[in-house]
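Report on one structure; see the data block that follows.
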Amino acid sequence: MCFSASASFIVSGVLGILGVISIGEVKKPRLYFLAAMPFIFSIQQAAEGFVWVYQAQIAAMIYLFFALIIWPTFIPVGLFLVERKSKARNYLLFFSIAGVSLSLYYLVIMIMFTPEFSLEGCHIVYTIYPLSASVFVRSAVYGACTLLPFFISTVAYMEIIGLLGALACLVSYLFFTLYFISVWCFFAALISAVIVAIVRKN
């Protein structure tokens, strides 16, 4: 999380509990993928807690692995797996392919150019290389793969997560531009708690 080590670990613990509850509430096997989201965010937030405490590169790499590689694929693929309407599935398949492609791109980038991070006050700045015009393209694709599938899905209440995610993205970009990766992932982690209620409803 973007404010302190203790906050990161507290959020991690809460999401871990909610993740277990969410998985336990699953009545349809196809929902396990989505039900696991809070638990996965719990691991990611714990990793950032260790970034705060130890300023360890390995912890930062784990955090960014979730942020840049797991989520662009996990979200569209997860929604594709639970979708039952063919038209929506076709769109979600497109975003799944785009998400996998973006994840592979970030994997190569992280191998070729080691990401950097720095602690600045109550925030963590992550720098992903190379810094070029492509950053705008990959950011747009990332946003599309992690937000639009929620609006495409016909599963009840998914659009709520999409709206909250879009609002969090906007707030993070406008007010925390330099710390965007850390802040948006924090908001996304909190939003993932809604998954528990959605799993119960479905």
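Select from region 97-128 the residues that are touching a helix residue (DSSP H, G or I) at 6+ places or on another chain (Cβ under 6 Å) and either among the small types (G, A, S) or part of a helix (DSSP H, G or I) (or both) and list them in ascending order.
Residues satisfying the conditions are A98, G99, V100, L102, S103, Y106, L107.
Can we say F180 is modelled with pLDDT under 95 and crowded, with 17+ Cβ neighbours inside 10 Å?
For F180, the condition - modelled with pLDDT under 95 and crowded, with 17+ Cβ neighbours inside 10 Å - is met.
Pairs only if they're at least six apart or on different chains, beta carbon under 9 angstrom, first in region 149-162 and within 16 Å of A197 (Cα to Cα), second among the hydroxyl-bearing types (S, T, Y); list them, first residue then second.
E159/S153; I161/S192; G162/S153
Looking at this structure, is T154 outside any helix (DSSP H, G or I) and either surrounded by 13 or more Cβ atoms within 10 Å (Cβ to Cβ) or not hydrophobic (A, V, I, L, M, F, W, C) (or both)?
It is true that T154 is outside any helix (DSSP H, G or I) and either surrounded by 13 or more Cβ atoms within 10 Å (Cβ to Cβ) or not hydrophobic (A, V, I, L, M, F, W, C) (or both).
Being without any contact (Cβ under 8 Å) to a residue 12 or more places away in the chain, small (G, A, S) and surrounded by fewer than 19 Cβ atoms within 10 Å (Cβ to Cβ) narrows it down to one residue among A88, A7; which is it? Write out each step before concluding.
Values: A88 fails: without any contact (Cβ under 8 Å) to a residue 12 or more places away in the chain.
Going through A88, A7 in turn, the sole match is A7.
Determine if region 80-90 includes at least one residue that is part of a helix (DSSP H, G or I) and in contact with an Asp or Glu (Cβ under 9 Å, 6 or more places away or on another chain).
Looking only at region 80-90, we keep the residues that are part of a helix (DSSP H, G or I), and these are 80-82, 86-90.
Then drop every residue that is not in contact with an Asp or Glu (Cβ under 9 Å, 6 or more places away or on another chain), which leaves 89.
Yes, region 80-90 contains at least one residue that is part of a helix (DSSP H, G or I) and in contact with an Asp or Glu (Cβ under 9 Å, 6 or more places away or on another chain).
Tell me, please, whether a residue that is in a helix (DSSP H, G or I) and in contact with a Gly (Cβ under 6 Å, 6 or more places away or on another chain) can be found in region 129-145. Full working, then the answer.
Our first condition is that a residue be in a helix (DSSP H, G or I); within region 129-145, this holds for 134-145.
Next, only the ones that are in contact with a Gly (Cβ under 6 Å, 6 or more places away or on another chain) stay: 145.
For region 129-145, residues in a helix (DSSP H, G or I) and in contact with a Gly (Cβ under 6 Å, 6 or more places away or on another chain): present.
The values are calculated or read from the model by the stated rules, or taken from the named source; none is laboratory data. Please read these numbers as outputs of a predicted model, since none were measured by experiment. Reconstructed Cβ throughout: ideal geometry from the backbone, glycine too, with neighbour counts over all protein chains shown.
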